[in-house]
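Data block below; observations after.
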Amino acid sequence: MKKFYLNPSWLIVGIAAGATAAAACLAAPAPAPPPVPPATVRPDRDADLDAQLEAARKRLEQAAHDVARLSSQLSGTVIDRVMPFVEAGHAIIGVQLEPAVGAAGARVREVSPGGPAAEAGIHVGDLIVAVNGTELKDEEPARQVVRIMRDVKPDAKVSVRVSRDGKTRDFTVTARPGPSVLASVRDLPDLGFGTFPEFQGAFLFHGPLMDMELATLTPRLGSYFGSEQGVLVVRAPPDGAVKLEDGDVILAIDGRQPTSGSHATRILSSYQPGEKFTLRIIRQHKTLEVDATLPENMGRIHKDTMWRDGSPHERSEPTRRVLIL
Amino acid sequence: MHPDLDQQRSLARRLREMPDEAAQPYDWSEFQRRSGTRTRPGPGLAGARALAAATVLALGVVAVWTRLGGWSPTPPRPASVAAARLAPEATQPLAAHTAAMEHWLASLPSEPAVVHVGTRAAVTGLEDRIAQVDDLLSAARLDQAQPARLLALQQARTRLVGALVQVRYAETLADESR
């Protein structure tokens with residue numbers, strides 16, 4: 001058998017060659033790795049950031065919703081304590097009134113932000129001199145306004161004439177529902193403290209409708225979609241809820257014509273979960289009538305926020321009144 | 001002899017030769033008492049500190065108010081004047097705070113170009129609630145309700161307006177991140 005022996009001179013040559021190569025590698029700059037095309041890396045990272053951003057936005061919106069709901073409930077507690085017997089069912093225009101000193105009429109002391117009067121353009125300090133054509137000439141003009149508003153239905157147009165800086169101006173205000181009786185309270189055995197304003201349906205909104213996006217039609221958008229009025233569905237609720245699709249234009253909800261995204265939200269908020277309504281929409285330039293149902297049983301129940309401090313209800317068994325978000 | 005050693009001895013000798021009258025005139029407890037007297041502020045100094053704290057607090061309030069757009073060329077609103085008649089010490093800061101918040105709200109567009117229904121429902125719910133409280137405040141004044149009741153309603157309104165500011169701020173942030 002032939003034997004192989006390691007020649008020492010070869011070993012020395014090998015070591016020297018390896019050392020030289022290593023030195024060359026260290027001395028010379030490492031060859032730059034081939035550039036990775038952004039298209040192969042960035043989408044993943046961007047998608048991840050997009051997902052995180054979307055999640056953060058959802059948390060922000062949920063927090064905002066919680067702040068609104070809890071604040072509203074807290075105000076209900078205060079109202080309950082301070083004014084337990086509220087005249088229910090009348091429409092409101094979103095102003096605080098006070099008697100005017102040295103002038104005939106009711107002075108606007110405060111305008112509710114985002115309220116009907118604010119939307120119409122009524123300012124603090126305006127002197128209301130007539131409502132729906134009736135001049136305010138009673139001894140108590142502010143009380144006269146309250147009497148007139150008793151006959152006004154929610155969503156009705158109210159003509160308001162004001163005096164501002166010595167000039168008379170006319171405004172049209174769309175009334176909104178005022179405080180009303182919470183139906184479930186009537187079912188409770190102990191009604192020792194009377195009635196109180198109910199929590200509005202806005203806080204019963206939940207599930208797929210939360211993610212819907214709407215846009216008020218501008219003249220240009222309207223010409224594109226073939227309508228001069230209505231609200232565009234930018235993003236329809238997922239899972240086919242209320243049977244809307246992206247690109248639909250909502251013309252009416254049970255005959256009520258939404259004039260803006262906020263108005264459409266208010267109209268939808270007036271329905272209870274499970275309640276049915278008819279949508280008149282434009283879809284691909286065709287007008288359709290769609291029967292829809294407000295989704296229910298999609299959210300979580302907030303029993304802990306149902307009961308109010310100091311109220312007799314705390315001692316009662318929970319009723320069927322639940323807040324579903 | 002080494003001069004340094006001579007100096008030390010001389011110093012020690014001088015110390016030993018000092019008269020007894022030069023010793024500390026009071027003991028440790030007296031020192032503590034005097035020290036306490038020195039560090040305890042007099043009535044004038046305490047007042048000055050309270051004044052300084054109040055000034056800092058007031059500057060903070062003014063800064064926050066200014067941040068919210070409280071400095072406005074518009075004259076004070078009649079609401080503040082009327083509220084002052086009710087209970088000046090309670091309602092004046094309340095009215096000023098609410099006015100600053102409403103000033104900021106009024107500077108916003110009525111709604112974003114694209115309305116996210118979930119957040120908008122929170123906004124409209126609060127707006128409607130404030131309108132209801134305003135209606136109740138009108139009724140309470142007409143019925144000459146007790147000042148405490150009016151104040152409670154006014155405080156509830158201020159809280160609602162504060163919540164509306166927060167929700168609209170969140171809505172603006174979410175809208176801009178889309």
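No lab work stands behind these numbers, since they all come straight from the coordinates. Computed from a predicted model, the values in this text were never measured in an experiment. Here the Cβ is made from the backbone with ideal geometry for all residues, glycine too, and neighbour counts use every protein chain on show.
Some values worked out for this structure:
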| read-out | value |
| --- | --- |
| Under 5 Å, built H, 5+ apart or other chain: amide partners of residue A:112 | A:95, A:96, A:118 |
| Proxy reagent accessibility, fewest Cβ within 10 Å first, across B:169, A:224 | A:224, B:169 |
| Nonlocal amide H pairs with residue A:245, under 5 Å, H built at 1.01 Å | none |
| Of A:157/A:276; A:137/A:157; A:153/A:276; A:153/A:286, those spanning more than 29 Å from alpha-carbon to alpha-carbon | A:153/A:286 |
